[in-house]
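Here's the structure, in structure tokens; my notes come after.
The values are calculated or read from the model by the stated rules, or taken from the named source; none is laboratory data. On a predicted model such as this, the values are computed, not experimentally measured, just so you know. Heads up, the Cβs are rebuilt from the backbone with ideal geometry, glycines too, and the neighbour counts pull from every protein chain shown. Only protein heavy atoms, including side chains, enter the accessible area calculation; ligands, DNA and RNA are left aside. Shrake-Rupley method; radii C 1.70, N 1.55, O 1.52, S 1.80 Å.
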Amino acid sequence: MDLDREKLWNTALSDLENSFSPGTFSTWIKPLRIREIKGVGDDHLMITFVCPNTFHIRMIEDRYYALIKEALDRITKKKNNLQFEIKIINTEPQKVVGENRDEATITPQEKKAVPQTLFQSQPYSQPIQHHQDQVFRSSLHRAGLREDYTFETFAVSTSNEMAHAAAIAVSQNPGTAYNPLFLYGGVGVGKTHLMQAIGNNILRKNADTSIYYTTGEQFTNEIVAAIQQKKTIQLKQKFRTYKILLVDDIQFLAGKTSVQEEFFHTFNAITPAGGQIILTSDRPPHEINPLEDRLKSRFEAGLIIDIQQPTFELRTAIILIKAKKLGLQVPMDLAQKIASEVESTRKLEGILVKLHSEISLFHRELTPDLVSTMLGKTEQTEFPQNTIRPAEVIKTVANHFHVSTAALKGPSRVKHLVEARHVAMYILHNQLKVQLEEVGGMFGGRDHTSILHASNKIRDLIGTDETTRTNVNAIKTSLLFSTTV
Amino acid sequence: MKIKVLQENLLRAAQDVGRGISTKPPLPILSCILLETKQGKLSLKATDLSVGIQAEVGCKVEEEGIVAVSGRTLIELLSTFSAGSMEIESQEGKMVLRSQKTMSSIQTVDSKDFPPFPERDNDGVVLSSDQFISLIERGGVAAGVDETRPVFSSMLFECSISHIAVVATDGYRLSKEVVDVASAKECIALVPAKIMREVVRIAQKQGGEVSMVVSGQLGQVFFGLKEYEIIVRLVDAEFPQYSAIVPRETQLNIQAEASELLSAAKTAMVFSKEVSGIIQMKIEKSILIISSAAATGESSVEVETKKVRGVEGEISFNGKYLIEFLSLVKTGEIEFGMNESLKPGIFTIPSQKNFYYVVMPFRVQK
């Protein structure tokens, strides 16, 4: 929703910019923010704006309402009601919490004369000062967290919105919201990013929080080392004092009984004390084997969320975010091109790094051609053309779509049959490089142009449609599998 | 619009209102002063959208009207006019100012573009201008000037049913003044210190009563003086919970004459400028020694004190903070209380329990 609001308003702003003088635009229109969009019936929207101060409200309601409404009506294709409000400032008397919360305490420093401040912890609403920034960085470092893994750099779509929402909730109320939080999913779906973002957010609020990020493997190594050096007691104490424990790739604990036992005790020490535990894994707890039942049940007691492979749109957004980080200006169409051809997030990052080095080292320009050559270089998985027989393809496709081979080859134009038939034609022509006429012959003497059409259609759909791509990939995998076995 | 007005009154109002104009207005209209006839008076308004200032001037209205002109030009022009009656008339696209011998005209800006001022939505409190000035000058003395840290360059108003308090801090010292005035509702408001000093300046000239309305709903605070109304955007931040750092009990207390202490502090300040303003206060028996030392020289002054409690102690802090406090008090007894040399010290006035000033000491290594 956040993205939607921002997107809508940004679009409206670029539209409105043309209707005002630059001064008027930047004084009255630009500082507005959409706070809420509510649907009223089918074709009405109620949009609530937050204004920076009272002067804006009356000025806008009196003079600019109509223009803003028109722009929004054009963009949303709906009738909009606009509401303006300002951020209400709390004027309730403060309640004193705790007796000596802000008591000035002295930190030893080596300088000759140090001006001491009255307030140790300063309110968050101030701009973070340089010093605080350093404190934040050093605490990130201490916790083993990466600075760039934050919620701001995390793109959200349907495949991971649940995980994202849960992560935000945990970062706001660590120890109470969901404990433990268990995130699982395949490689490159953003498990580690989300987990680190939680830690990042907690530290940003309070740099003194004791957070520790580790991986399942590192945890194991530390325990082994401690046993060797006879320092298990110190290690136990170290782990049990953390308020927030982040363990990445917990599945590495599978089969390591004593490590599991140590983790179990750590878990039991942290959670009752109000600490938060966050775990990631490549599979759900019940599939981590062998894992002690008491650990399994503890994992399952919290919130378990799986993160799906990123969709096409999400991949595009990821490309844009990562490109921005590299200082690369990737236009939307190129980003979509890359997203349509590359599925793995890690590979996306690799391609962007390659592009970046091409551009910065060889001074090449970012053109569709350059992107194509880059993409070409990464496609190594050739489809073994000679080992797969066309009949096998047709059978596999038919199986996948739960239709009979006869129906697939037959003349019927029922929708799901047509789809399956097109996929089969695509694989035969595009992947197996079977001649168009030959393919036509396999499907009851269809014209070669029909085959070409079908093949092109599926090729385009793969770039944009999630289900088609999953279908084609699944069929390709099962074909490859059948030939290798 | 056609009016007759006294040059000296109009100039004073324009200068005061002109302080509401930002130095770099983003829009031409925000560099303007809006002149409007209102029930036999002329109202002048200017705003930079975070502060709005309005003033009223008595005049003879011959024809009602509203007009906006560049504030800077208006003030500059008016200050060259001689005192006495003058005439202002708005015509198509310009405003004509006529004095005995001078005639000038200023190009006008569309007054419809001028942002309307918010209006008070509750009654608030009324206090005398003396109470108000004392609140801001003493309660607000510790406010800093660094506007990038809003909490430390603001004043906190605490209104309760029996009294109003103003608290300010720059992170190294804290001041609080309380006056007994009944307020209709309990509320707090954080207001930028810079504009409050401006309001005090106007209050000093105007005298009379000051009304104050805090509206969280509008995010504004209104200050009404005789002929002025100042509207200020509230600071959206949380003031630190200061009560915990105010020393409640002090082991060592002394009383001394403010003027004597001030001159001693000024002597010490001569050398302390080189060492970030540090001066040292040493209390031995009934003598207070104020000293400072730098590479270029050192000084120490003894001040007679009346010991109230405790034996001896030593504390160092920024001499500037001490001088600012003493300049406010001017004459009479003051009291200083401290615990350890690294814990905050507190200055009070024994005869006026409604004010205190807390200073965080320097940590000096020998």
ask   = If you rank B:SER154, A:SER372 by how much accessible surface each has, with a 1.4 Å probe, what is the order from largest down?
value = A:SER372, B:SER154
task = Quick one: angle between helix A:161-172 and the longest Cα principal axis of chain A, in degrees between 0 and 90, rounded to 10, please.
result = 10
inquiry  = Checking the a/c ratio against 1.5 first, then a/b against b/c, what shape does the Cα gyration tensor give for the protein assembly as shown?
reply    = oblate
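Which of the pairs B:LYS176/B:LYS226; A:LYS238/A:LYS325; B:LYS94/B:LYS194; A:LYS87/B:LYS112 have their Cα atoms more than 28 Å apart in this structure?
Working: B:LYS176/B:LYS226 26 Å; A:LYS238/A:LYS325 35 Å; B:LYS94/B:LYS194 34 Å; A:LYS87/B:LYS112 26 Å.
Check vs 28 Å cut-off fails for A:LYS238/A:LYS325; B:LYS94/B:LYS194.
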message = I'd like the distance between the alpha-carbon centres of region A:1-45 and region B:57-118, rounded to an integer number of Å.
response = 38
inquiry  = Could you work out what % of the accessible surface of the protein assembly as shown is carbon and sulfur, using a 1.4 angstrom probe and leaving DNA, RNA and ligands out of the count?
reply    = 51
key: A versus B: buried accessible surface, summed, Å² (probe 1.4 Å, to nearest 100)   = 4800
inquiry  = What whole-number distance in Å separates the alpha-carbon centres of region A:433-485 and region A:150-226?
reply    = 41
Under 29 Å between alpha carbons - lysine pairs in region B:1-82 that sit 8 or more apart or on different chains = 12
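Could you provide, to the nearest whole Å², the per residue accessible area of the protein assembly as shown with probe 1.4 Å? Please list the in-between numbers first.
On the way: 41170 Å² over 851 residues.
Each residue of the protein assembly as shown exposes 48 Å² on average to a 1.4 Å probe.
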key: trypsin sites (Lys or Arg not before Pro) restricted to region A:404-481 and DSSP loop, no more than 13 other C-beta within 10 Å   = A:ARG413, A:LYS433
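How big is the antiparallel share of DSSP beta bridges in the protein assembly as shown, given as a percent to the nearest 5?
Values: 125 of 151 bridges.
Restricted to the protein assembly as shown, the bridges split so that about 85 percent are antiparallel.
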inquiry  = Once you keep just the Cα pairs under 8 angstrom separated by 6 or more residues, what percentage relative contact order results for chain A?
reply    = 10
request  = Loop only per DSSP, at most 14 neighbouring Cβ atoms within 10 Å: give me the GluC sites (Glu not before Pro) in region B:1-73, ordered by residue number.
outcome  = B:GLU64
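For chain A, what does the helix formula give at 222 nm: sum of -39500 (n - 2.57) over DSSP H segments with n ≥ 4, over the residue count, nearest 500 deg cm²/dmol? Intermediate values should be presented prior to the final figure.
Numbers: 20 runs with 244 residues, N = 485.
One gets -15500 deg cm²/dmol as the mean residue ellipticity at 222 nm.
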